[in-house]
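The block underneath contains the structure these notes are about, expressed in structure tokens.
The values are calculated or read from the model by the stated rules, or taken from the named source; none is laboratory data. Everything quoted here is computed from the prediction, not taken from an experiment. Cβ coordinates were reconstructed from backbone atoms using ideal geometry, including for glycine residues, and neighbour counts include every protein chain displayed.
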Amino acid sequence: MTPPQAIHRRQFWKLVAASAAALALPGRSHADSASPKRFTYCAFVKFLTELDYDELADAMADAGFEGIEVTARKQESYIDLARAEEELPRLTESLGKRGLKITILTTDILRADEPGAEPLLRAAVKNGVQRYRLGFHRYDERQPILPQLAALEPVFRDLAALNRELGIAALYQNHCGANMLGATVWDLHSLIKDYSVSEIGCVFDIRHATVEGGEAWPVYWDLMKPHLGAVSVKDFRWNGRKSQHVPLGSGQVDPKFFQLLRQSKFAGPISVHVEYAGDQGAKANVEALKTDFATLRKWMDSEKP
């Protein structure tokens, strides 16, 4: 009769052998074997307004995305603000058929008490939306900057309180430009550093961080890592003194950023933007999203981009 201990040992070594064989399977990356999936990839559908809900869901699912970043703005918006309570559930239903969701709702909201802000956010929460992007605050360059920054402290405090009450997170994107709050990141950090990411966090945009930070973009990245709610992915090159949108991988954005992103503790949405495709139509934008997504996945799946 075989001792029970021997049976247990054989079972143990069978499990070890099976695990080793699984790790040796062709095409299995180190990242796949080392950790479970933690990122959600979504597409910014700003330029896909000509597609209906089902067409949008089909196109994004076929491209490999898991969700969308959709606009609910006053102008050129996929979601009509006046009909958001009707449109959000219909869009959510169409996305759900293909296993997708609204990952980020992009809005013009700047203040908690502005007309329409709370109803829109309540409708978003009702339809399972967990995060929304705020509008952009701009400095008056004719006036001192620090008093303007101080005046925004109660604005962000009230937004955090509303988000806490509703159960949704606000995200503020760092955007290049001399008059843009968050362009240099430090000012944005001062406004959100005392709040939980579940209330107000940052959408870290590596394209805009590189424009403003140059070789110092890793400092911006390090500063914002604890406050990271999402990541926006796009690229640019210089056209004279102006930055110009270009396909991912053909511009100035350093692929090293994606190695740092992999190594970070961030586990959330990564949104692909293709502003360079602009108003060329839905077909061109969908193809651009596919191309940039392929570049992004190559960098994210590689140990050394």
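Residue-level check: of (1) closer than 24 Å to residue 172 by Cβ; (2) in a loop (DSSP other than H, G, I, E, B), residue 249 misses just (1).
The set of residues in the stretch 227-241 being within 18 Å of residue 184 (Cβ to Cβ) and modelled with pLDDT of 95 or more consists of 227, 228, 232, 236. Among all positions in the stretch 273-290, there is no residue which is touching a Gly at 6+ places or on another chain (Cβ under 7 Å), at negative phi and at pLDDT 95 or above. Could you tell me whether any residue of the stretch 225-236 is farther than 25 Å from residue 130 by Cα, in contact (Cβ under 8 Å) with a residue 12 or more places away in the chain and touching a Phe, Trp or Tyr at 6+ places or on another chain (Cβ under 9 Å)? Looking for residues that are farther than 25 Å from residue 130 by Cα, in contact (Cβ under 8 Å) with a residue 12 or more places away in the chain and touching a Phe, Trp or Tyr at 6+ places or on another chain (Cβ under 9 Å), one finds at least one in the stretch 225-236, hence yes.
Listed by position, the helices (runs of 4 or more DSSP H) contained in the stretch 98-213 that have at least 1 residues being under 17 Å from the mean Cα position of the chain (by Cα), farther than 30 Å from residue 84 by Cα and in contact (Cβ under 8 Å) with a residue 40 or more places away in the chain are 206-213. Tallying residues that are surrounded by fewer than 17 Cβ atoms within 10 Å (Cβ to Cβ) and assigned to a loop (DSSP other than H, G, I, E, B) within the stretch 256-267 yields 3. So residue 95 passes all but one of these: (1) surrounded by fewer than 19 Cβ atoms within 10 Å (Cβ to Cβ); (2) over 30 Å from residue 153 (Cβ atoms); (3) touching a Lys or Arg at 6+ places or on another chain (Cβ under 7 Å). Which condition number does it fail? Failed condition: (1).
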